[in-house]
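The values are calculated or read from the model by the stated rules, or taken from the named source; none is laboratory data. The structure presented is a predicted model; accordingly, all values stated were derived computationally and were not measured. FYI the Cβ positions are ideal-geometry reconstructions off the backbone, even for glycines, and counts take in every protein chain you see.
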Number of protein chains: 2
Amino acid sequence: MANVAAKREISSAEGEELSREAKRAKGDDKNGEEGGNEPEWENILSTFTTTSVLSDSAREKIMFLHGKMAGDEAVVVLEKTPVREDSLAELFRDSKLRLDMRNDIYSSYRLQAPPHLNEIKTTVVCPATEKHVKKYRRQESFLVEETGDDYRSITLPYIQGQSLSLQWVYNILEKKAEAERVVYDDPDPEVGFVLLPDLKWDQKQVDDLYLIAIARQKDIKSLRDLSSEHLPLLHNIFQKGKAAILERYNLSASKLRVYLHYQPSYYHLHVHFTKLGHDAPGCGVERAHLLSDVIQNLQTDPQYYRTRTLWFPLRADDGLLGRFREAGRL
Amino acid sequence: MANVAAKREISSAEGEELSREAKRAKGDDKNGEEGGNEPEWENILSTFTTTSVLSDSAREKIMFLHGKMAGDEAVVVLEKTPVREDSLAELFRDSKLRLDMRNDIYSSYRLQAPPHLNEIKTTVVCPATEKHVKKYRRQESFLVEETGDDYRSITLPYIQGQSLSLQWVYNILEKKAEAERVVYDDPDPEVGFVLLPDLKWDQKQVDDLYLIAIARQKDIKSLRDLSSEHLPLLHNIFQKGKAAILERYNLSASKLRVYLHYQPSYYHLHVHFTKLGHDAPGCGVERAHLLSDVIQNLQTDPQYYRTRTLWFPLRADDGLLGRFREAGRL
């Protein structure tokens, strides 16, 4: 769990992490989806038997399954795809509908569409380890109160003891990986950063825009390490990040929600840029901190985040939650 | 708009209102779906032409359309259905999959399922009025920056000019309405409050618990009016609210997200108690302020919320947004 946690944000949007790992492994194959050689139709799932449903969301139309495929442990994720505007004409022309209810001007139907217009995004991890199975099993969260002293006596030792690898972060900063995905790059070692789409965003629509700005400075683990000396960095990320998004996606700053997480998913300073109106996972007040608020707080009190009590959620299986329990802080 | 704004929180759960209206109109017809006489297959949508997409959500896989059906104005809602556990065996046996990407233990596919296992919930309102169209058109939100001076020169005059009726709030406080719904009542005129379920919560499960604590003091419009003199009130709401929820619903404080909104939906101080893990509408960082943070801020700086710059979203049709535009603050 530790090494996985050092990677990208563990999204509460179920399924995205799995797709992320799969896409990251894709490497240079940008055109896997379309091209001269369409893969053959197959059905690897015909050998899959379900052991249990790890979690599911009726709201998001997604399900995580644990099972066996041809004798191996496997995790399968099934997620319905968004309705696409460009498929509507064909959908309306070629579907068949069965009436559920009609009353006055209202009627509801079950629509059966041509399968190619209504695909299900399917991800398979096989063979899957117990770690995979645990990761996708739904976890309860608990709100934790962390004083400045708690941070130094409980959280910091825990983080330091985790041996979390940040090599993938450095690979991005050094253009050894994902260079083609970078939207903006400021090379300044003090105030510079790299801005790129988060793996949760497939970039097919602006509706769920989600980018991450990764600071070049390597010694800022989280909000707790920020002081007023970092204001130039934070201002730079904020201004240049917004400008780059306006230029590339034609989305103005008033349409953006820009924030940090505490706790973050990985302990190298990064800032989230998401579209206002889209309920991105992790934009809840219990974990997110508006960058504009962070800047204002540090302008008022240079040591704000070193002394302040912070609250944040931790999953039931998070080792840090155990530490807070042992310390009698829960 | 004024009288609407003075009422309860407007829920952002897309589509549910339309389904509710349709189901309400269904009346006693419980067995519309299955029965001896299955409705015939039809395709009323073959005559539908899209005028515009009113709104859509990639996260929830839903789309609202405005268009024309056989010459009449119509609203059509298309929503993918949740993945169903009881259909999995057949889905795995009879689907075909096309590989998107494979790397090591990860692979992702586009799955085409038998249509009867992957239906799209379709609702039609026809003929639709302009009121229907407006209701389902997504309102864009814009993030607004309000300094302490902006509050006094723009927002406060706007609020005062709105003549918003708070009689329904006073009815609750005076037990003239909803008395049977009250979970806790502290009658103290200074630090007292009434705690009751929010209308968004049907109380059928704890998973989406949502209660509101309404302060008895009548002259606190919002966060902006809070100073350190209100700390006893805020502490009282926090402690007694959490205790009452633990006693009634067996939910501990570590499972709660307790916050204020800015801007609030109505200008009489109230605090939201929601279950951690449930993405209640309005728990996003751009609008919510943890009560524990508010208390800590006022302990540090008695005038914190009178001087501080605050950010919040406003819908496109909000009169206050127009005032900020006119003042050149957007």
Of everything in segment A:45-55, what is at the interface with chain B (Cβ under 7 Å from one of its Cβ atoms) and either basic (Lys, Arg) or surrounded by 19 or more Cβ atoms within 10 Å (Cβ to Cβ) (or both)? Give them in sequence order. A:Leu45, A:Phe48
In this structure, does A:Ile212 turn out to be touching a residue at least 60 places away in the same chain (Cβ under 8 Å) and either buried (at least 19 other Cβ atoms within 10 Å of the Cβ) or not assigned by the TED database to the domain that holds A:Arg315 (or both)? yes
Listed by first then second residue, the pairs whose first member lies in segment A:190-204 and is at positive phi, whose partner is buried (at least 21 other Cβ atoms within 10 Å of the Cβ), with beta carbons under 9 Å and at least 6 positions apart or on separate chains, are A:Gln203/A:Leu209
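Residue-wise test of (1) surrounded by 19 or more Cβ atoms within 10 Å (Cβ to Cβ); (2) at pLDDT 90 or above; (3) under 30 Å from A:Gln203 (Cβ atoms).
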residue: B:Val4; (1), (2), (3): no, no, no
residue: B:Arg8; (1), (2), (3): no, no, no
residue: B:Ala22; (1), (2), (3): yes, no, no
residue: B:Ala25; (1), (2), (3): no, no, no
residue: B:Glu42; (1), (2), (3): no, no, no
residue: B:Phe64; (1), (2), (3): yes, yes, yes
residue: B:Gly71; (1), (2), (3): no, yes, no
residue: B:Leu88; (1), (2), (3): yes, yes, no
Out of A:Val169, A:Val125, A:Val75, which single residue is crowded, with 21+ Cβ neighbours inside 10 Å, in the same structural domain as A:Pro313 (by the TED database) and modelled with pLDDT of 90 or more? A:Val169
Of (1) within 14 Å of another protein chain (Cβ to nearest Cβ); (2) in contact (Cβ under 8 Å) with a residue 12 or more places away in the chain; (3) at negative phi, A:Ser265 fails just (1)
How many residues does segment B:243-260 contain that are within 22 Å of the chain's Cα centre (by Cα), outside any strand (DSSP E or B) and among the charged types (D, E, K, R)? 1
When you scan segment B:95-114, do you find a residue that is part of a helix (DSSP H, G or I) and not acidic (Asp, Glu), even just one? no
Go through the residues of segment A:232-239 one by one and say whether even a single one is within 19 Å of A:Asp279 (Cα to Cα), modelled with pLDDT of 95 or more and among the hydrophobic types (A, V, I, L, M, F, W, C). no
Pairs please, first residue from segment A:80-92 and at the interface with another protein chain (Cβ under 7 Å from one of its Cβ atoms), second anywhere and assigned to a helix (DSSP H, G or I) and surrounded by 21 or more Cβ atoms within 10 Å (Cβ to Cβ), Cβ atoms under 6 Å, 6+ apart in sequence or on different chains. A:Phe92/B:Leu45
Out of A:Ser141, A:Ser95, sole residue that is facing chain B (nearest Cβ under 7 Å), surrounded by 21 or more Cβ atoms within 10 Å (Cβ to Cβ), farther than 30 Å from B:Arg257 by Cα and in contact with a strand residue (DSSP E or B) (Cβ under 9 Å, 6 or more places away or on another chain): A:Ser95
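Here's the yes/no breakdown for (1) under 21 Å from A:Val285 (Cα atoms); (2) surrounded by 15 or more Cβ atoms within 10 Å (Cβ to Cβ); (3) among the basic types (Lys, Arg); (4) in contact with a Cys (Cβ under 9 Å, 6 or more places away or on another chain):
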position: B:Gly241; (1), (2), (3), (4): yes, yes, no, no
position: B:Arg257; (1), (2), (3), (4): yes, yes, yes, yes
position: B:His261; (1), (2), (3), (4): yes, yes, no, no
position: B:Asp293; (1), (2), (3), (4): yes, yes, no, no
position: B:Pro302; (1), (2), (3), (4): no, yes, no, no
position: B:Ala316; (1), (2), (3), (4): no, no, no, no
position: B:Leu321; (1), (2), (3), (4): no, yes, no, no
position: B:Arg325; (1), (2), (3), (4): no, no, yes, no
